[in-house]
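Trainee: Pasting a structure below so you can have a look.
The values are calculated or read from the model by the stated rules, or taken from the named source; none is laboratory data. On a predicted model such as this, the values are computed, not experimentally measured, just so you know. We place every Cβ from the backbone using ideal geometry, glycine too, and count neighbours over all the protein chains shown. Accessible surface is based on the protein model in full, side chains and every heavy atom, while ligands, DNA and RNA are left aside. Shrake-Rupley method; radii C 1.70, N 1.55, O 1.52, S 1.80 Å.
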Amino acid sequence: QVQLVESGGGLVQAGGSLRLSCATSGSIFSIDAMGWYRQAPGKQRELVASIISGGSLYYADSAKGRFTISRDNVNHTVYLQMNSLKPEDTAVYYCNIEARVAPYHALKDYWGQGTQVTVSS
């Protein structure tokens, strides 16, 4: 069973930094994409940043220039370095991976439980 555990969230003042980590466990054969989503109160979950197996990166406009996503392919871990944080970055941040648990198995989405990021003004 694949599990994702996020860490690194917390309370920070505007302008500060946080580094989120997402550790995976369980039987994973391969990971096609790893990403971070966030959901603020009353809003839909949105993709913040993602990285695919070939190394291509995606950032939401709100994250460009401030956030950096990276992955450890050996340990199946993904990170999100967040700098110059703003109050509007306040949300629950979720880790997501698209992975196969065995050769020729279908890709499936897996989610972490979320970690709260609160940015005070």
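Trainee: Quote the charge dipole size of the range 7-87 about the Cα centre in Debye, to the nearest 20; the model charges only the Cβ of Lys and Arg (+1) and of Asp and Glu (-1). Let's see the in-between values first.
Mentor: Working: 8 positive and 4 negative charges, 57 e Å.
So the magnitude is around 280 debye.
Trainee: Would you kindly state how much longer the chain becomes between SER25 and THR118 on full extension, computed as 0.36 nm times their sequence separation minus their alpha carbon distance, in nm to one decimal? Present the calculation step by step, with values, prior to reporting the outcome.
Mentor: On the way: separation 93, 0.36 × 93 = 33.48 nm, distance 2.68 nm.
Once the chain is fully extended between SER25 and THR118, it gains 30.8 nm.
Trainee: Where the accessible area of the range 43-115 is counted over protein heavy atoms with a 1.4 Å probe, how much of it, in %, is carbon and sulfur? The partial results should precede the final answer.
Mentor: On the way: 1990 of 4050 Å².
About 49 percent, which is the carbon plus sulfur part of the accessible surface.
Trainee: For the chain, what number results from the quotient of the Cα radius of gyration and 2.2 N^0.38 Å? Before the final figure, lay out each step's value.
Mentor: On the way: Rg = 14.1 Å, N = 121, 2.2 N^0.38 = 13.6 Å.
Taking the Cα Rg and dividing by 2.2 N^0.38 Å, one obtains 1.04.
Trainee: What relative contact order, as a whole-number percentage, does the chain give when Cα pairs under 8 Å and 6 or more residues apart are counted?
Mentor: Numbers: 306 pairs, mean separation 44.0, N = 121.
Once divided by the residue count of the chain, the mean separation gives 36 percent.
Trainee: Just to be sure I follow the definition: excluding the sites themselves, where is the longest run in the chain that has none of the chymotrypsin sites (Phe, Trp or Tyr not before Pro) in a DSSP loop with at most 14 other Cβ atoms within 10 Å? Working shown, then result.
Mentor: Numbers: sites that count: PHE29, TYR104.
With a cap of 14 other Cβ atoms within 10 Å, the longest stretch comes to 30-103.
Trainee: Which is the longest run of the chain containing none of the trypsin sites (Lys or Arg not before Pro) found in DSSP loop states (not H, G, I, E, B) with at most 16 other C-beta atoms within 10 Å?
Mentor: Working: sites that count: LYS43, ARG45, LYS64, ARG66.
The reported range is 67-121.
Trainee: I want to verify a result. In a Gaussian network model of the chain, Cα cutoff 10 Å, which of these has the top mean-square fluctuation: VAL101, VAL74, VAL48?
Mentor: VAL74
Trainee: Using the heavy atoms of the protein chains and a 1.4 angstrom probe, tell me the accessible area per residue for the range 1-63 in square angstrom.
Mentor: Using a 1.4 Å probe on heavy atoms only, each residue of the range 1-63 averages 55 Å².
Trainee: So, one more: Tell me which aspartates and glutamates have Cα within less than 19 Å of LYS86's Cα, excluding those fewer than 8 residues away on the same chain?
Mentor: Straight-distance partners of LYS86: GLU46, ASP61.
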